[in-house]
Ligand code: GUN
C-alpha cells in the first residue's frame, strides 16, 4: 500500500521562527538597545545572488533587524574587497555579515572568507566555524544545512540510527550536512553515506536511504525508483526552467521529481516552499546569536 506523504511545511516553519525572532527583537528595542544588524556584501549582478540578497533584506525587515547591502561592481579588486571585509570586521554597529557567493572570476573566495572575523561569520563558512562544527563545538552553522536540521526537527522526524544518504558534496551544503547528520546530536546520530559524481550504484544506495537529502544541482535527478517506500526526502535543489504557462515565463523546480517521488515517501520537502525559506531563517538565527555574543562571548 502506498504511504500518504506529508509535505513538510517550510513556509509555516519559517514563519513561526520569524515570529519568535520578532518577539525577541521587540524585547531588545523595548530595553533601549539597537536591534541586530546584518550586512550582505554583493559583488556583480548574478541574478540568483540578487534574489537571495533581496530575500534576506525582506526577512530582516519582517523581524525588525537592521539590514544593509554593500554593492560593488564585478571589477572590484581583491585588495578593495579585503578592505571592505576589514571595515565590517571592525564596525561595532554590525553584528554579522555575509559575502554573497559565487564571487566573480579573479576574486579568491577562500582568501576573502578567511579574512572575515569568525565571530561575525553568520554564514558559517570561515574555517574556524567549519572546524568547530566538525568537532561538535559551539559555532555558526552554515545556513542551508542548519535549515535542513530545523526542518527535520520541527517536523518531529527522528534521525537517530537512520540511514541518511546525501547527494552532492559541495562546501555549502552536501559536505557540511553529511557531517551534521552524523554528529552525536539531535538531529543527528544517522549513519551517513555521501554520494558524488564518482559514486557507483547511486540508485541502489539511494534506495536504501531512510532519509535522502538531494543537493546535487541537477533538476529532477531523484526519480521514484531511487526512493525507498516510506523514506524522508529533503530537496535542496533550486532550478529555474522555462514555462510558457506561467506569467513569469519560468518555474522553479528541485533536484527531486516531486510528483512521482511523493507517492512513495513519508515526508517530502517541496521546491519552492521548503529548504530555501529555512536558509534565510538560519541566517537570522545566527545573526541574533552574533548580536547576543552567544557563541563567542
Ligand atoms: N550562495 C549560495 N548560497 C549561499 C549562502 O548560503 N551564503 C552565501 N554567502 N552565498 C551563497
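Taking segment 137-149 as the region of interest, how many residues are in a loop (DSSP other than H, G, I, E, B) and either within 13 Å of the ligand (Cβ to nearest atom) or surrounded by 24 or more Cβ atoms within 10 Å (Cβ to Cβ) (or both)?
As a first pass, look at segment 137-149 and keep what is in a loop (DSSP other than H, G, I, E, B): 137-142.
Restricting the remaining residues to those that are either within 13 Å of the ligand (Cβ to nearest atom) or surrounded by 24 or more Cβ atoms within 10 Å (Cβ to Cβ) (or both) gives 140-142.
Count: 3.
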Checklist entry - Restricting attention to segment 40-54, which residues are more than 9 Å from the ligand (Cβ to nearest atom), part of a helix (DSSP H, G or I) and loosely packed, with under 15 Cβ neighbours inside 10 Å? => result 47, 51, 54
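Only one of these is within 21 Å of the chain's Cα centre (by Cα) and under 30 Å from residue 240 (Cβ atoms): 55, 106, 44, 75. Name it.
Details: 106 fails: within 21 Å of the chain's Cα centre (by Cα); 44 fails: within 21 Å of the chain's Cα centre (by Cα); 75 fails: within 21 Å of the chain's Cα centre (by Cα).
Exactly one residue qualifies, and that residue is 55.
Quick check on residue 293: is it over 30 Å from residue 40 (Cβ atoms) and assigned to a loop (DSSP other than H, G, I, E, B)?
Numbers: over 30 Å from residue 40 (Cβ atoms): no; assigned to a loop (DSSP other than H, G, I, E, B): yes.
So residue 293 does not fit the description; no.
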Next on the checklist: When you scan segment 150-166, do you find a residue that is at pLDDT 95 or above and within 13 Å of the ligand (Cβ to nearest atom), even just one?
Outcome noted: no
Next on the checklist: Within segment 7-15, does at least one residue satisfy the condition of being touching a strand residue (DSSP E or B) at 6+ places or on another chain (Cβ under 7 Å) and touching a residue at least 60 places away in the same chain (Cβ under 8 Å)?
Outcome noted: yes
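Table: residues versus (1) closer than 24 Å to residue 5 by Cα; (2) in contact with a helix residue (DSSP H, G or I) (Cβ under 7 Å, 6 or more places away or on another chain); (3) without any contact (Cβ under 8 Å) to a residue 40 or more places away in the chain.
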position: 183; (1), (2), (3): no, no, no
position: 190; (1), (2), (3): yes, yes, yes
position: 205; (1), (2), (3): yes, no, no
position: 211; (1), (2), (3): yes, no, no
position: 215; (1), (2), (3): yes, yes, no
position: 230; (1), (2), (3): yes, no, no
position: 234; (1), (2), (3): yes, yes, no
Checklist entry - So residue 282 fits all but one of (1) assigned to a strand (DSSP E or B); (2) within 27 Å of residue 161 (Cα to Cα); (3) within 16 Å of the ligand (Cβ to nearest atom); what number is the exception? => result (1)
Checklist outcome for this item: Given (1) more than 16 Å from the ligand (Cβ to nearest atom); (2) farther than 17 Å from residue 56 by Cα, residue 273 misses just (2)
Checklist entry - Given the residues 92, 74, which is the only one that is more than 13 Å from the ligand (Cβ to nearest atom), surrounded by fewer than 19 Cβ atoms within 10 Å (Cβ to Cβ), part of a loop (DSSP other than H, G, I, E, B) and touching a residue at least 24 places away in the same chain (Cβ under 8 Å)? => result 74
Checklist entry - Which of the residues that make up segment 18-39 are closer than 23 Å to residue 119 by Cβ and surrounded by 13 or more Cβ atoms within 10 Å (Cβ to Cβ)? => result 21, 24, 25, 28, 35, 36, 37, 38, 39
Checklist entry - What do you reckon, is residue 197 surrounded by fewer than 17 Cβ atoms within 10 Å (Cβ to Cβ), within 15 Å of the ligand (Cβ to nearest atom) and modelled with pLDDT of 95 or more? => result no
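Per-residue answers, yes or no, for (1) at pLDDT below 95; (2) away from the ligand (no atom under 15 Å from the Cβ); (3) over 17 Å from residue 173 (Cβ atoms):
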{"position": "100", "(1), (2), (3)": "no, no, no"}
{"position": "103", "(1), (2), (3)": "no, no, yes"}
{"position": "107", "(1), (2), (3)": "no, no, yes"}
{"position": "110", "(1), (2), (3)": "no, no, yes"}
{"position": "114", "(1), (2), (3)": "no, no, yes"}
{"position": "118", "(1), (2), (3)": "no, no, yes"}
{"position": "124", "(1), (2), (3)": "no, no, no"}
{"position": "128", "(1), (2), (3)": "no, yes, yes"}
{"position": "135", "(1), (2), (3)": "no, yes, yes"}
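The values are calculated or read from the model by the stated rules, or taken from the named source; none is laboratory data. Keep in mind that what you see is a predicted model, and the values were worked out from it rather than measured. So basically every Cβ, Gly included, is an ideal-geometry build from the backbone, and we count neighbours across all protein chains shown.
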